[in-house]
Amino acid sequence: MKKKVKAVVSIDYSARIARAQALIAEKGYAALVASPGREFRFFTGLGFDTHERLTALVIPAHGEPVVVIPEVDAHEAPASVTVRGWRDGQDPYGMVRAVFDDAASDAPLALSEQMPLAHAAHFMDRPIRGVDSAFPELSVVKEDIEIEWLAEAAAAIDAVHAQVPALLQEGVSERAIAEQLHTLILRAGHSTVDFVIVGSGPNGANPHHSFSDRRLQAGDIVVVDIGGTMPSGYHSDCTRTYAVGEIDADVAEMYSVLDRAQRTAIAAIAPGVRAADIDAAARDIIEAAGYGEAFFHRTGHGIGLEVHEQPFIIAGNDLVLQPGMCFSVEPGIYLRGRFGARIEDIVAVDDDGVRVLNTRPRNLYPDSSGAHPEDH
């Protein structure tokens, strides 16, 4: 069964397709083939939970873009693109190939990275690249309406974080807290829950911990990383670290370093700055304080129609930031077997520097005001 998600408005999808087609021709590709997922929604506004039958948007270097789709689902196809329906027993892969059959035999294809191998295998006679790596410029700069959708997502997840302190009681299990957070994320306006991380005490030292039956103890710090997908298709992602009762002085000292690192990285964001420089701004502070080995992941990732997309805020990335780029800033310090902490906000680069989309306090004992204790 295929679930259709209503197309979002205020985006000129024809212009997006035209821009992609120009890049496809300029870079010598035969076509871009998008299966249901991020790229399909980016170009059409439609999200599908698909099945084993092939559905694909085909944008050739030259000629008319086409959606190849099972005839039983053709009524769900975007009205702005030519639709070619197929029935069981027909060859949908041949229908896709026919859209770019005039391209040179060695011209590569750009395929959706979410395309199942069972479909992608039919095109392996050509060089293959992922859409993201072939055309990173297509979606890395967000349109104004996309930034507002991300701001709505941030506000929704902030509303959940506002309720977290009341949940973090001594003796309550991570699992019980995670179950409540799942419900709260949906109540806050998300269509789906993407992830819930509740990492208390030593579990917080694992960045990809989910939750367990461990019960919160006095003196714990607890990493709460939550996110979901909004009806727009855009994602939320926000991490805060909370304290349960009084904490040891060394924990408080570590957290103050982390807080300063995250704030410094955000303050460094501006058009013209390299992504690697933002990573360095956070990492230098953490390393100078003696925690360098305990910060072992990138500082941030892009966000939009996927939770993790370009740009990646990582050492060695010379990408120059531009207004409209949106990404997380989330340094962490993880002392294995003891505790961990992470702070994450979603930001949007603008002409004046940066707009921070999340607004919840970052301190270990947040008040209920819903605002950052300091202005960015």
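The values are calculated or read from the model by the stated rules, or taken from the named source; none is laboratory data. Note that the structure is a prediction, hence the values are computed from the model and not measured. Cβ placement follows ideal geometry from the backbone for every residue including glycine, while neighbour counts extend to all protein chains displayed.
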I'm told Thr192 meets every condition in (1) under 24 Å from the mean Cα position of the chain (by Cα); (2) buried (at least 20 other Cβ atoms within 10 Å of the Cβ); (3) over 21 Å from Val329 (Cβ atoms) except one. Can you identify the failing condition by its number? (2)
Considering each residue of segment 202-249, count those that are touching a strand residue (DSSP E or B) at 6+ places or on another chain (Cβ under 7 Å) and either under 25 Å from Val329 (Cβ atoms) or surrounded by fewer than 18 Cβ atoms within 10 Å (Cβ to Cβ) (or both), and give that number. 32
Which members of segment 87-100 meet the condition of being touching a Pro at 6+ places or on another chain (Cβ under 9 Å) and not β-branched (Val, Ile, Thr)? Arg87, Asp88, Pro92, Phe100
With segment 1-81 as the region, which strands (runs of 3 or more DSSP E) entirely inside it contain at least 2 residues that are under 15 Å from Gly233 (Cα atoms) and either modelled with pLDDT under 95 or not hydroxyl-bearing (Ser, Thr, Tyr) (or both)? 3-5, 47-49
Only one of Phe327, Phe295 is under 12 Å from the mean Cα position of the chain (by Cα) and aromatic (Phe, Trp, Tyr), namely Phe327
Output for segment 101-119, where each listed residue is closer than 19 Å to Ala20 by Cβ and under 31 Å from the mean Cα position of the chain (by Cα): Ala107, Pro108, Leu109, Ala110, Leu111, Ser112, Glu113, Gln114, Met115
Note on segment 239-259: residues in a loop (DSSP other than H, G, I, E, B) and not aliphatic (A, V, I, L, M) are Gly245, Glu246, Asp248
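Residue-by-condition table, conditions (1) under 17 Å from His235 (Cβ atoms); (2) touching a Phe, Trp or Tyr at 6+ places or on another chain (Cβ under 8 Å):
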residue	(1), (2)
Asp279	no, no
Ala289	no, no
Ala294	no, yes
His301	yes, yes
Pro311	yes, yes
Asn317	no, no
Here is a list: Ile145, Ile157, Ile177. Which entry is β-branched (Val, Ile, Thr), out of contact with any Pro (no Cβ under 6 Å at 6 or more places or on another chain) and surrounded by fewer than 16 Cβ atoms within 10 Å (Cβ to Cβ)? Ile145
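Table: residues versus (1) more than 20 Å from Asp350 (Cβ to Cβ); (2) in contact with a helix residue (DSSP H, G or I) (Cβ under 6 Å, 6 or more places away or on another chain).
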position: Pro207; (1), (2): yes, no
position: Leu216; (1), (2): yes, no
position: Pro231; (1), (2): yes, no
position: Glu246; (1), (2): yes, no
position: Arg274; (1), (2): no, no
position: Ala281; (1), (2): no, yes
position: Ile286; (1), (2): yes, yes
position: His301; (1), (2): no, no
position: Gln310; (1), (2): no, yes
Only one residue in Ser212, Ser256 is free of Cβ contacts under 8 Å to residues at least 60 places away in the same chain, under 28 Å from the mean Cα position of the chain (by Cα) and more than 28 Å from Val349 (Cα to Cα). Which one? Ser212
Test for Phe135: is it crowded, with 17+ Cβ neighbours inside 10 Å, modelled with pLDDT under 95 and within 31 Å of the chain's Cα centre (by Cα): yes
Restricting the first residue to segment 21-42 and requiring it to be more than 20 Å from His122 (Cα to Cα), which pairs with a second residue that is in a strand (DSSP E or B) meet a Cβ separation below 6 Å and a spacing of at least six or different chains? Gln21/Ile59; Ile24/Leu32; Arg41/Gly47
